[in-house]
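First up is the structure itself, then whatever we jot down about it.
Read the figures in this text as sums done on the coordinates, not as results from a lab. Only a predicted model underlies this, so the values are computations on that prediction, with no experimental measurement involved. Reconstructed Cβ throughout: ideal geometry from the backbone, glycine too, with neighbour counts over all protein chains shown.
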Amino acid sequence: MSGLVDGFLIAAVVVVVIARQFRAQRIDTERRWWLLPVVLAAVALREPGLIDAHHHAASVTLLTAELLIGLATGAAWAWTSRVWTEPDGAVWSKSTKASGLVWLVGIALRVGLYALGAALGIHQESSALLLALAATLLVRAGILAWRAQSPHPVSVLGTTYGDAVPRSAWKERV
């Protein structure tokens with residue numbers, strides 16, 4: 001794929017994923033939550049030029065930093081998402097304002113890495129960004145699936161499990 005097509009693919013995936021996450025979504029731990037990230041990683045890895053042959057060490061360092069930012073963004077995004085259970089037992093999630101801030105910081109760090117690579121004269125393909133996006137989505141989906149299966153998952157915004165329990169049940173009678 002050309003860089004332009006990769007750029008459009010990355011932008012489309014990011015827009016769709018972010019837009020969907022700010023709406024409440026049911027977490028289905030039975031579905032293949034890992035499939036989209038694996039497909040994105042496969043597309044990224046099949047492209048030549050992931051590592052700049054003329055600046056091998058610096059290119060690998062930038063790719064590693066990109067992947068670490070992707071992993072951290074995915075984890076932070078998952079932990080800043082609200083998770084709750086409906087009375088029927090369905091587990092839901094929704095990104096918060098903090099999740100949006102996580103995305104902004106992640107994008108800013110990626111832009112900074114790209115600028116650093118450009119300043120060093122390192123040829124950078126969009127496949128590195130696509131691979132980091134796959135890592136972000138994989139980590140987020142994995143953590144949310146884990147939180148959904150946990151008997152008492154905790155949201156960063158407060159405990160959301162048990163909200164259906166009447167507060168009077170916690171009162172001690174005197």
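Multiplying the sequence separation of F8 and R20 by 0.36 nm and subtracting their Cα-Cα distance, what value in nm do you get?
Fully extending the segment from F8 to R20 adds 2.5 nm.
Counting only other residues whose beta carbon sits under 11 Å from that of L130, what net charge do I get with K and R as +1, D and E as -1?
Taking every Cβ under 11 Å from that of L130, the sum is -3.
Take the alpha carbon gyration tensor of region 1-128, find the square roots of its eigenvalues, order them as a ≥ b ≥ c, and report rounded if a/c is under 1.5; if not, report prolate when a/b exceeds b/c, else oblate.
Working: a/c = 2.61, a/b = 1.97, b/c = 1.32.
Prolate.
Each label point is 7 Å from the Cα along the Cα-to-Cβ direction; what then is the distance between the points at W92 and A119, in nm?
A separation of 4.6 nm, rounded to one decimal place.
Count the net charge of all other residues whose Cβ sits under 14 Å from the Cβ of A145, scoring Lys and Arg as +1 and Asp and Glu as -1. Write down the numbers at each step before the final one.
Working: positive: R26, R31, R32, R140, R147; negative: D28, E30.
Result for the neighbourhood of A145: +3.
On full extension of the chain, what length is gained from S150 through V39, given 0.36 nm per residue of separation minus the C-alpha to C-alpha distance?
37.2 nm
Can you give me the long-range amide H partners of T96? Hydrogens built in the peptide plane at 1.01 Å from N, cutoff under 5 Å, separation of 5 or more residues or another chain.
Those qualifying (amide H under 5 Å, at least 5 residues apart or on another chain) are R82.
Explain nothing, just the number: dipole magnitude of region 1-127 about its Cα centre with +1 on each Lys and Arg Cβ and -1 on each Asp and Glu Cβ, in debye rounded to the nearest 20.
Charge dipole of region 1-127: 420 debye, to the nearest 20.
Considering only the other residues whose Cβ falls under 14 Å of the Cβ of L104, what net charge follows from Lys and Arg at +1 and Asp and Glu at -1?
So the environment of L104 carries a net charge of +2.
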